[in-house]
Every structure is written in C-alpha cells, then in structure tokens.
Amino acid sequence: MTTLLREVVKDMEDMQGDEAIGCRTLPLVLGLRPAKMIAAVLAIFIVAALFMYQRVEWGYQLQRSVVLVFSFLQLPLLYVVYLLWYADKSSDFKYISLIIKLIMLFGILYLIYFRSTIQLNEPVLQLPVLEMGE
C-alpha cells in the first residue's frame, strides 16, 4: 500500500512531463485534487491498518513495538496527509515522496526489529524421523 501511495505522489510530481509525452496517469485523468484525496485516503488506510496491528501487539505486552510503529510509521504518514493538503508544486510532491521513502525504510527496519523479538524455541511442526532400513 505504501508503494502505491508513493507511485500516486510521484505521478503528481511528474504531471508536466507525463502530459507532454501523453501518459495517462491518475492525476492527469482525474485531476490533481482527486489524486491528492486518493493519496490521503491511502495514507489514512495504512494508518488504520497499523492501528489494528498495534492493538494485537499491545495485547501481547509489546508496548515498545506499538511506540515504534506510532513514532516512525503512523505519525509520518499523518504528516504526509497534512502535506498533501497544501501541496501544489512539483517540489512539494518531491518532498512528500522523500518522506514516503523514509517511511518505507522505517517499515523495513521495523520488520528486522520484529523478527528479532520472535522466540524460536519451539518447533512449529515435528516430523517423524525415519531411520535407514525402515
């Protein structure tokens, strides 16, 4: 979803060039304002999905995880929504695209953190051991 958000923002950034070569991107077909609204809805949807994930993490007493997701993913996404509201120049959308790239990087780093918190003490599935000659 974050990649889709970034692609929509990149299309808004490159509207003049895309129009010059005849591309049919979302902002050119629907207009800048509807494209900005679609991007904002995508960002809010991602924030809501992360909130549902945080509720599960909170239930497992993983408050650090909840704080990390809020600080490095949800807050920046809400900042993107705020910036989209006022963006109208290519440079504005370039800045927003950069922030989305950082959010994606933080998401990948969070996955590394999350992986380190999983306990792998018990095997999930034990298969019977067959010995030679059986």
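Just a few scattered comments:
- Solvent-accessible area per residue in the stretch 1-111 equals 63 Å², computed with a 1.4 angstrom probe and all protein chains kept.
- Each helix, a run of at least 4 DSSP H residues, gives -39500 (n - 2.57); summed and divided by the residues of the chain, these come to -23500 deg cm²/dmol at 222 nm.
- Portion, in percent, of the accessible area of the chain that falls on carbon or sulfur, probe 1.4 Å: 65
- Cβ-based charge dipole, the chain, positive-most Cα from Leu50, Ile96, Leu62: Ile96
- Among Phe45, Phe114, Phe106: highest mean-square fluctuation, GNM of the chain, C-alpha pairs under 10 Å: Phe114
- For Met104, Met1, the ranking by accessible surface with the largest value first comes to Met1, Met104, using a 1.4 Å probe.
- With q set to 0.09, 0.14, 0.19 Å⁻¹, the log10 of I(q)/I(0) for the chain, from the Debye formula over equal scatterers at the Cα positions, is -0.39, -0.69, -1.03.
- On Cα atoms only, tilt of 75-86 relative to the major axis of the chain in degrees: 10
The values are calculated or read from the model by the stated rules, or taken from the named source; none is laboratory data. Because the structure is predicted, anything quoted here is derived from the model rather than measured. Every residue, glycine as well, gets a Cβ built from its backbone with ideal geometry; the counts of neighbours run over all protein chains shown. Heads up: the accessible areas ignore ligands, DNA and RNA and are worked out on the full protein's heavy atoms, side chains in. Shrake-Rupley method; radii C 1.70, N 1.55, O 1.52, S 1.80 Å.
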